[in-house]
1. So which of C:92/C:118; B:70/B:281; A:270/B:31; B:31/B:70 end up more than 21 Å apart by C-alpha?
2. Any idea how far apart residue C:319 and residue A:62 come out in nm if each label point goes 7 Å out from Cα toward Cβ?
3. How many nm separate the modelled label positions at residue A:101 and residue A:43, each set 7 Å beyond the Cα in the direction of the Cβ?
4. Go through the stretch B:176-183 residue by residue and turn each phi into a ³J(HN,Hα) via Karplus (6.51, -1.76, 1.60, θ = phi - 60°); whole Hz please, and just put x for glycine and proline.
5. Provide the buried accessible surface between chains A and C in square angstrom, both chains summed, 1.4 Å probe, rounded to the nearest 100.
6. What total accessible area, in Å², is buried where chains B and A meet, using a 1.4 Å probe and rounding to the nearest 100?
7. Taking a cut-off of 19 Å between Cα atoms, list the aspartates and glutamates near residue B:309, but don't count ones fewer than 8 places away on the same chain.
8. So, counting K/R as plus one and D/E as minus one, what does the shell of residues with Cβ under 15 Å around residue A:156 add up to?
Amino acid sequence: MEAHTTPLPGAAAPAPRTRAVESTATWRRRDRIGLALCWAAGILLCLIAFGLVAYMAVRGVQYLKLDLLTTRPLSDLDQSKTGGFLDPIIGTVILTVVGTLLALPLGVATAVWITEYARPSWLARAVESGVEMVAGTPSIVLAIFGLLLFSESVFSFLSFTAQGGAVFGRSFFTAGAMMSLIALPLVFGSTREALQSIPGHVREASYALGKTKAATIRRVLLPTARPGIATGTALGMGRIAGDTAIVVILLGATLQLQSAGDTPGLSTLKGTGSTLTSYVYNNSPAGEGNAPEKAYAAAFVLLLIVIALNFAIDLLSNKRKAPTWSG
Amino acid sequence: MTDRRVELLLGALASVVLLLIVGMVIFVFTKAWPSFANNGLKWFGPGGNVDDQLIDIFNSPANPANYVYKLRAYPLIYGTAITTIGAVVIGLTFALLSAIFIVEFAPPRLRAVLEPVVRLLAAVPSVIYGLIGILVLVPFIGNDLITAEQKKSVAFVVQLSGSSLLVAVVILTVMITPIMIAIIVDALRSVPRSWTEGASALGVNRWRVIWTISVRAARPAIIAAAVLATARALGEAIMLSMVSGSVGFAPNPLDGLTFLFEPTRPLAATIVDNAEGLSVKPFGQTIYAFAAVLLVSSLLLSLSGWAAKQPLKRYGVRA
Amino acid sequence: MERLTPPPIRRIVVDDDPTVVAAPPPGQAPAPANGTVVAGSPLAPAGGAAAGATGTPGASSFVSAPRRRPATEGLGTERMHLEELTVAYSGKEAVKRVTLPVRQGEVLALIGPSGCGKTTLLRSLNRLTELTPTATQGGRIVLDGEDTGLLEVTQLRRRVSMVFQQPNPFPMSVFDNVAYALREQGTKRPGKAALNEPVAEALRRAGLWDEVAEDLDHAALRLSGGQQQRLCIARALAAGPEVLLLDEPCSALDPRSTQIIEDLIVGLRKDVAVVIVTHNLQQAYRIADYVGFMYLGDLVEYGPAEEVFGNPREERTREYVSGAFG
């Protein structure tokens, strides 16, 4: 059969037709079983995921009233008088802020040291393993370690000391300190990734202009790594806001914020309180309270906070429209 | 600031983290030692009701010479093992199949909705899972699934309410699966197209391409996901203390189906439930002994994850 | 402050004009060193091209260059033909109404500048264009009398195999790579012993057997680039295809590997129909029996290699082949 060249333009092109996706008729039975299992898993996943979200939304909207967000909680046998959860909300915010403020400089400093210096090398490996160990430690173990540590009289300035000298060891300071350990690996990891993805020629260009290493880090590298640092911080904040074990053990479990001492800001931090997570825990049948409606409402607020943080993380990590180093 | 000083400062800060973790390990083990020393290896073995033993320890007389330390922690260890392993095995299978579904077979619109929802679920605090478990699943199982005969059959040992092994494993699975799905989906997507296209061009059908090429290339990520999930499952204290039954009991598989409905209480949940008694010295030391076991487990877990990835590097699968 | 003055101008002085070797007049081949069919030196075509630069327009420089194979013995059996094939991505046509035969016993080269649709045409032969969701296709492709659109796609791809531009061996051992198609294609998975012979045969046909025979468990990704590409060819040959498609297989390789693979391709054409896409005109001249020149989706010219290179009918072909554009 002979080939011939394409006809002159003007001839109508035939309508292109699409082809169907391949059929499964020729597959082996094992392959078809695999396909069926995948579909089953997918459908089950949809049911569970959407079911969970829908259930929480329904219950939350059902039980959440505006005054719950603004009234302070009270301890009362009569459920209609137990107030709202303003203090726990404030507690969550304070704890997240304290934990992040401690984790951020430590995490960034460690990441910078690991990527830019890392001498001696045995120390660098040890630090990296150390951070990984912290990441893998259950928060309950961190909590009781914190209790152990901060009950020493050395740390009595961080919390309330009872009559008779026993250091209470439970306060926003101590809980915040342990929370920072939860957020630290996340800040460290994101910062390190961001710094490692900056190509070497950027650093070389800065040194070639005569800048010191410290100045390069401060003026060139860290500003570039800012989205990564922000992502890690948001991830850390999410984990802090959602953690319950440390709160239950290290925050004293008082419904309202109780300050210790006289100085206005410090006393709150030295005092005890509760957060949304411990509030939910206490109001569920597992805790002392017996108000599932308040628990649902508080859980819904907590869920909204987590969704907002997740949204912020997505926005931050999609900011790749920032000028890149080409390459 | 000179470069040298900055380097020293940063190095010092980095070492702080290292000191903290080393300090933590040393502190916890030092505090935990008396409990291990007084029980020997039998600490891990069975023998008696562990809850009663804990009460005895708590009620030790004030004289240090008369501290009670006897503990046979086997029911707690067994409970931890069975909930963790059950949740991870079921969760990993489910996560792998779901991840394949999301990457390859899901309709595009469903995929666009499902993926953010899965990532969101991975970030939901554990106390919310516990809340749903204790307010929805526990009454459902307690009232509708457990029959009266089943309750009677084990009544001489333990009470069956809805809080049970089944709820614990189910909710733990639901809790750890989303993060595994997210990790495996990322890994499946980052398999180079040249491999999948090359396999398709050889006349291999879609399922086989995914299974023999993509999943095979994603094995390091699957291992990492499993390790991460196991660590999370091991350390989960709050949710499990809400739903697993809070009784230091080792569910007996010989009981048949009732085995699923028996309560248990893993190590982390035990610590949470008993945290108020830390001031009593021998009790505190026992609790730290539990924490020490958890610490060692997470260390062994990281090591085994690293070891499992080593053989994969041979053929060029990027670990 | 003194005014800034520009730096002084430095001239590079060249003493005398560079010498130019006088080109042999067109039509006279530079004397080959020996009478062997395979011209060893890859520099010969370049010499021909230099001659063509001063030769008369219209006479292709390639005709004088030595080729790697003797003249064709006649038309082979036709295995595939394309009828009015049109491929479009999101409505934009990449291949426009191409009609073309593919025959066993000869090498068909598709040449043309970048973006002319030759790779798309190649990929539509084994329906790889279906992997792109926005691709639509019109016209017919016939393989041994059957419409490929109606065949089961996995069956089609076993009969029409493809080798890609970048070598893409799987992250497995050499043996597993070559045996992959055999293991995953059939309904029954053959045992390891049954696979030894087909794997060895495929590796021999691809010219890789001598280099890997001692250690078939060697990691495929640790082979050199040329060896990896030959492994991919072996992998494509393992299942015994009828047509072998090659998408610029040597563009990522060094000259020595290129030479080895070109010899390979010429040796394969007895058993499989070979279609090769290349933007290297010298390579097309060396190994092709028939050449199709494509430009912006149209098949501008098709014919035996001597005609297309030596005496092209179309003006565009003449311009492309003489290097006026590319």
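1. Violating the 21 Å Cα-Cα cut-off are A:270/B:31.
2. With each label placed 7 Å out from Cα toward Cβ, I get 7.6 nm.
3. For the pair residue A:101/residue A:43, the computed spacing is 5.4 nm.
4. 8, 5, x, 5, 5, 4, 4, 5
5. Adding both sides of the contact gives about 2200 Å².
6. Using a 1.4 Å probe on protein heavy atoms, the buried area is about 6400 Å².
7. A:128, A:132, B:186
8. In short, +1.
The values are calculated or read from the model by the stated rules, or taken from the named source; none is laboratory data. Note that the structure is predicted; figures quoted are calculated from it, not measured. Because the Cβ atoms are built from the backbone with ideal geometry, glycine has one as well, and the counts that use them run over all protein chains shown. In case anyone asks, the SASA skips ligands and DNA or RNA and just uses the protein heavy atoms, side chains included. Shrake-Rupley method; radii C 1.70, N 1.55, O 1.52, S 1.80 Å.
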